[in-house]
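Encoded as structure tokens, the structure appears first; notes follow it.
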Amino acid sequence: MAHYNSISPGVSWYEDTIGERPSYPCFDAQAQCDVVIIGGGFTGLSAAYHLAKIGLSVILLEASRFGDGASGRNGGQLGTGQRQWVETLEKKYGFERSKMLFDLAEEAKRDILSWSAMPDCNIDFMAGQFSVIHKKRHSKTYQKHVETMQRYGYHGLTFMNKAETDERLGSSFYYGGIYDVQTGHINPLKLIVWLAKQVKKAGVKLYEKTKVTGIKSNHGQCFITTKKGNIIATNILLATNAYHFGLKNFVENNVVAIRSYIGATEPLPEHYSILSGGEAVDDSRFKVRYFRKSIDHRLLFGGVESYNNQYPADLDERIRQQIAEIYPQFHSINLTHRWGATVAITVERMPYVRQIMPGVTYCGGYSGHGVMLAPFMGKLYAEWLSGNHERFKSFQDLKISSFPGGKILRYPLVFLAMNWFSLMDHL
């Protein structure tokens, strides 16, 4: 297939699995509607679908193509619960609120699983995820977590000792882990393409390659300008996550962008027995390494990060080094694809959801947990606009700290902090 200049670096393996995807026109008119959504990833597409279902007129604007950001280029792992474990949330908010946040995340997971069961939604869902321990000192914490999750009513976890972990992963690198049978992984770009089709069927006006150049809010109306047109709306949803463009002044204190990279190997030889059950893996590092086998038996491996927009010249070497640490037999394996996307993180690793001016709401900062949470946040935004405020407000009320350092020192301090945690991962 012919490739194009994406907003993100590299050609993903996902792109080669879907062939030519549908394209949508550029916005070049004057228009008026109930809601303008800026950003065509999981949050924006889901919000558009659910808003249309309650009868609101919606225009969705994407600066590049749908799924060109993190939504269509991530590791595809769903996970369970919020990005932060319930132990951390319970200490901060108490059991009742922590349980509510966990239950919301489980509903988010069920939504995706129900989509994957639809006959026309072929997103390559495979069940199972291993959260594995890279340092022996974490073993008791992981064992205790399985017990804690039972108190939260979740019984899909079992603790694996080192021998079982070695057998299931086909590697002796880790010290044990947790097996979650009630989650799994998907092809995220296939979900984006499917969602966009559903949104179009619902009557939403979809536009790609349409960069927003300004937004204003005044006297109960919102004004959106693009390079070729203007829109007046009652509400705006900024579903841009890490891609703030000229809008970053509204959220940059609380949300920072990092670049995350994934590599796909050539198909693995049949005689190598790794991840024989098809499960996904994430590990206990602060700078998480995550991997899984694809449906055509490649190893998709993520874990390289950068804190600027420069494409790492040694990316292949760094990915292979990380793979070889776990699977030494693949130290020189060929990478057929390598790609990156910009993800948005917060200090607390929880979503940042705020009304940043009258009628204008930002949803993002999923901190690597957006496959499950981002579509759900779009659903909750639609609930909120319909007058059902409670569930969306549970995220609006989260305590999300500002990153220190101000505009000049923020990213240097993030760089230092990330490298400090990376050092701790190795000690």
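Quick notes on this structure:
- In region 50-86, the residue that is surrounded by the most Cβ atoms within 10 Å (Cβ to Cβ) out of those that are of a type outside the set (A, V, I, L, M, F, W, C) and outside any loop (DSSP other than H, G, I, E, B) is SER71.
- From the list LYS136, LYS53, LYS99, LYS91, the lone residue that is more than 17 Å from the chain's Cα centre (by Cα), over 23 Å from LYS393 (Cβ atoms) and among the basic types (Lys, Arg) is LYS136.
- Hits in region 376-390 - residues which are over 15 Å from ASP34 (Cα atoms), loosely packed, with under 14 Cβ neighbours inside 10 Å and either touching a Ser or Thr at 6+ places or on another chain (Cβ under 6 Å) or of a type outside the set (S, T, N, Q) (or both): HIS389, GLU390
- Candidate set: region 296-344, residues that are at pLDDT below 95 and among the β-branched types (Val, Ile, Thr); chosen: the one farthest from GLY368 (Cα to Cα): VAL304
- Each residue in region 151-179 was checked for being more than 27 Å from the chain's Cα centre (by Cα) and of a type in the set (A, V, I, L, M, F, W, C), and 1 of them qualify.
- Residue match in region 95-115 (condition: in contact (Cβ under 8 Å) with a residue 24 or more places away in the chain, more than 25 Å from ILE186 (Cα to Cα) and either among the charged types (D, E, K, R) or part of a loop (DSSP other than H, G, I, E, B) (or both)): yes
- The residues on offer are ALA324, ALA313, and the sole one that is in a helix (DSSP H, G or I) and either among the small types (Gly, Ala, Ser) or closer than 26 Å to GLN82 by Cβ (or both) is ALA324.
- Criterion violated by SER172 - all others in (1) at pLDDT 95 or above; (2) in the same structural domain as HIS50 (by TED's automatic domain parsing); (3) hydroxyl-bearing (Ser, Thr, Tyr) satisfied: (2)
- Qualifying residue in region 113-123 (condition: buried (at least 18 other Cβ atoms within 10 Å of the Cβ), closer than 28 Å to GLY170 by Cα and of a type outside the set (Ser, Thr, Tyr)): yes
- Picking from residues in region 243-254 that are within 13 Å of ALA63 (Cα to Cα) and at pLDDT 70 or above, the one that is surrounded by the fewest Cβ atoms within 10 Å (Cβ to Cβ) is HIS244.
- Within region 2-34, restricting attention to residues that are closer than 13 Å to HIS337 by Cβ and not hydroxyl-bearing (Ser, Thr, Tyr), the residue that is modelled with the highest pLDDT is TRP13.
The values are calculated or read from the model by the stated rules, or taken from the named source; none is laboratory data. Since this is a predicted model, take the numbers as computed values, not measurements. When we count neighbours, we look across all protein chains shown, and the Cβ atoms used for this are built from the backbone with ideal geometry, even at glycine.
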